[in-house]
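Worksheet for the structure shown next.
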Amino acid sequence: MGMSCPNCGRETEFPVFPYINVEDEPRFKDEILSGRLFHFACRECAFETPVNYNMLYKDREKKLLVFLFPGEEDVPAELDEELGAYEDGWRMRMVRDARDLSETIEIRDHGRDDRVLSAMKILARILFAEKNPDTVLGTLYYDGEADAFAGETEGGAIYFPVREDEYEIIARRVPPEPKKFLMVDETYGKSLLK
């Protein structure tokens, strides 16, 4: 796909992959996790920016299906209907940007439930705000290697470990996996804490 650089306007070729099956193309998983697959760099002026576009990601081994859908609308109904035929055990998710896609993959790779972690992120934010009322905490993302949430403050990086006892308590509140695409975000996490 041709893309105009937002900085200098030069037309540059940018590869777009609307469907990725990591069983067929395993290299794409690393490209997604590193952020390279969605990274635009202009050859003329060196301007760099992430680019999000519609993409369906499938990992049969992990039973994970993720639809990257940067628009504001819901997943098209026909996509839910077409993919609703997947057998039990599949996680079907919708995300709005490449960073959320990467996090969803990492969570599944480390055997965690993204629905539980979404609620735990909210708890981490609440506890942090109570102890640090004047400090702004950026977006939290799951770091599978550390089994913790990583975030940024003005003072630098901060980590919140995933506590197994909290994880198990919230996991008991999670409903069965639906057979449709689910947006697991802050709103979903809050629903588990009510």
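GluC sites (Glu not before Pro), restricted to segment 1-74: which are DSSP loop and have at most 15 other Cβ atoms within 10 Å? List each step's numbers first, then the result.
Values: sites: E11, E13, E23, E31, E44, E48, E61, E72, E73; in loops: E23, E44, E61, E72, E73.
Qualifying residues, ordered by number: E23, E44, E61, E72, E73.
Separation between the V16 and M183 pseudo-spin-labels, each 7 Å from Cα along Cα→Cβ, expressed in nm?
With each label point 7 Å from Cα toward Cβ, the separation is 2.1 nm.
Which value in nm describes the separation of the simple spin-label points at D97 and V51, placed 7 Å from the Cα toward the beta carbon?
If labels sit at D97 and V51, their model points lie 1.7 nm apart.
Taking K and R as +1 and D and E as -1, what net charge do the other residues with C-beta under 14 Å from the C-beta of T135 add up to?
Summing Lys/Arg as +1 and Asp/Glu as -1 gives -2.
How many Å² of accessible area per residue for segment 94-194, probe 1.4 Å? Mind dumping the intermediate values first?
Working: 5460 Å² over 101 residues.
Averaged over the residues of segment 94-194, the accessible area is 54 Å².
Lys and Arg at +1, Asp and Glu at -1: add these up for the other residues within a Cβ distance under 14 Å of K190 and post the number. Spell out each step's value before the answer.
Details: positive: R115, K121, R125, R173, K194; negative: D185, E186.
Computed value for this residue: +3.
Of the listed values (1) 16.0, 50; (2) 15.2, 47; (3) 18.1, 53, identify the label whose number matches Rg and Dmax of the Cα atoms in Å calculated from this model.
(3)
First measure r as the distance between the Cβ atoms of E72 and E166, then evaluate 1/(1 + (r/R0)^6) with R0 = 22 Å and state the FRET efficiency to the nearest 0.05. Don't skip to the end; give the middle numbers.
On the way: r = 32 Å, r/R0 = 1.47.
Approximately 0.10, to the nearest 0.05.
So what are the ³J(HN,Hα) numbers for segment 142-153, from phi and the Karplus equation (6.51, -1.76, 1.60; θ = phi - 60°), rounded to whole Hz, Gly and Pro as x?
6, 10, x, 5, 8, 6, 8, 8, 10, x, 10, 10
Report the relative contact order of the chain, percent, no decimals, based on alpha-carbon pairs under 8 angstrom and at least 6 residues apart.
Details: 280 pairs, mean separation 35.0, N = 194.
Computed over the chain, the figure is 18 percent.
Take the residue pairs K62/K179; K121/K194; K62/K190; K63/K190 and return only those whose Cα atoms are more than 22 Å apart.
K62/K190; K63/K190
Based on the Cβ-Cβ distance of E61 and E31, what FRET efficiency does E = 1/(1 + (r/R0)^6) give at R0 = 22 Å, to the nearest 0.05?
On the way: r = 17 Å, r/R0 = 0.79.
Given R0 = 22 Å and the Cβ-Cβ separation, E is 0.80.
Starting at the first residue of segment 118-134, write each ³J(HN,Hα) from the Karplus equation 6.51 cos²θ - 1.76 cosθ + 1.60 with θ = phi - 60°, in whole Hz, x for Gly and Pro.
In residue order, the calculated couplings are 5, 6, 5, 4, 5, 4, 4, 5, 4, 5, 5, 5, 5, 8, 9, x, 9 Hz.
Please go through segment 104-194 and write out the GluC sites (Glu not before Pro) that DSSP classes as loop and that have at most 10 other C-beta atoms within 10 Å.
Here the sparse-neighbourhood loop sites are E145, E154.
Convert each backbone phi in segment 99-110 into a coupling constant with the Karplus relation 6.51 cos²θ - 1.76 cosθ + 1.60 (shift: θ = phi - 60°), then list the ³J(HN,Hα) values in order as whole Hz, x for Gly and Pro.
For segment 99-110, the Karplus curve yields 5, 5, 4, 4, 5, 4, 5, 4, 4, 5, 4, 9 Hz.
Add +1 for every Lys or Arg and -1 for every Asp or Glu among the other residues with Cβ under 13 Å from the Cβ of E11, and state the total. Write down the numbers at each step before the final one.
Values: positive: R10, R43; negative: E13, E44.
Once all neighbours under 13 Å are counted, the net charge is 0.
The values are calculated or read from the model by the stated rules, or taken from the named source; none is laboratory data. All figures in this text were calculated on a predicted structure; none of them were measured in a lab. All Cβ positions, glycine included, derive from the backbone under ideal geometry; neighbour counts span all protein chains shown. Please note that ligands, DNA and RNA were not included when accessible areas were found on the heavy atoms of the full protein model with its side chains. Shrake-Rupley method; radii C 1.70, N 1.55, O 1.52, S 1.80 Å.
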